[in-house]
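So the structure is just underneath, and the comments pick up after that.
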Amino acid sequence: MADQRAELTWTEDQIPVSDHFDDPYYSLQNGLEETRHVFLAGNDLPARFTPGFHIAELGFGTGLNMLTVWSEWERSGQTTPLTFTSFEAYPMASADMSRALAAFPELAPWSDRFLAQWEGGTCDLGTLRLEVVEGDARRTLQTWEGAADAWFLDGFSPAKNPELWGADLMQQVADHTATGGTAATYTAAGFVRRGLEDAGFTVTRAPGYGRKRHMTRAIKS
């Protein structure tokens, strides 16, 4: 079960901000373009899409990352389901998700289908098999039996949510990554990069999105 539900404050531009972490759920500049830059391009997607591809994520939030990659999966012509597993300690209410996702009308064909069925936990959307594992990822990831081809590391800022970026958790990420699998994150914090390197990833710093000068990309050898 979840530790607790997400509590939010909304900016004047209708961007949700976590009361617990005092951090917005996505870029104040353009959340959709940030997702495309950091998590899709950062993991060489959609070029790496293959049947049976599995993405895992730390921090489900509004579902924006999932919807963005699902839309690209369908546009790429894949016929088998994309598997997407996300670990989330503070699940957002569906009404709040709907309010947040309304800012991205381009994704409406996917967000509408998702929200019509979403009740938490697992969701089979035909071309997408979604599981959101509720609870502290430091505990839940240890017992997960999956192995991802790509990771979206999207917890709140390491300065405000260091628990989701610690070395032990980065090792768990590595242990649940297929050989040749990748990870990407918007942060270039030194301790995050070192944690990924110590866990067995080859880590590179790449240009960030918007006002962020750098981001992090990682490949498991």
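The values are calculated or read from the model by the stated rules, or taken from the named source; none is laboratory data. Since we're looking at a predicted model, the values are computed, not measured. Don't worry about glycine lacking a Cβ; one is built from the backbone with ideal geometry, like all the others, and counts go over all protein chains shown. Areas reflect the complete protein model, heavy atoms only, side chains present, ligands, DNA and RNA absent. Shrake-Rupley method; radii C 1.70, N 1.55, O 1.52, S 1.80 Å.
Structural remarks
- Taking the stretch 124-221 and dividing mean pair separation by its residue count, relative contact order in percent (alpha carbons under 8 Å, at least six apart): 25 percent
- Counted residue by residue at 0.36 nm each, then reduced by the alpha carbon distance between them, the extension gain from Arg5 to Glu145 reaches 47.9 nm.
- Cβ-derived FRET efficiency at R0 30 Å, Ala116 paired with His20, nearest 0.05: 0.60
- Accessible surface calculations at 1.4 Å, restricted to protein heavy atoms, place the stretch 112-221 at 49 Å² per residue.
- Förster radius 35 Å - calculated FRET efficiency between Asp13 and Arg48, Cβ distance, rounded to 0.05: 0.55
- Each Cα pair under 8 Å and six or more residues apart adds its sequence gap; the mean of these over the residue count of the chain is a relative contact order of 21 percent.
- Carbon + sulfur, % of accessible area of the chain - ligands and nucleic acids excluded, 1.4 Å: 47 percent
- What the stretch 1-54 shows is 53 Å² of accessible area per residue, with the surface traced by a 1.4 Å probe over protein heavy atoms.
- Estimated 222 nm signal from helices in the chain, with DSSP H stretches of n ≥ 4 weighted -39500 (n - 2.57), rounded to 500: -7000 deg cm²/dmol
- Gain on full extension, evaluated as 0.36 nm per residue between Glu197 and Thr79 minus their Cα-Cα distance, stands at 39.0 nm.
- Scattering from the stretch 170-217 was approximated by placing one identical point on each alpha carbon and applying the Debye formula without solvent; log10 I(q)/I(0) at 0.30 1/Å stands at -1.13.
- If you take all other residues with their beta carbon under 12 Å from the beta carbon of Asp23, and give Lys and Arg +1 and Asp and Glu -1, the sum is -2.
- Extension gain from Asp168 to Arg138, taking 0.36 nm per residue of separation minus the Cα-Cα distance: 10.0 nm
- For the stretch 1-81, GluC sites (Glu not before Pro) are listed when DSSP marks them as loop and at most 15 other Cβ atoms sit within 10 Å of their Cβ; the list is Glu7, Glu12.
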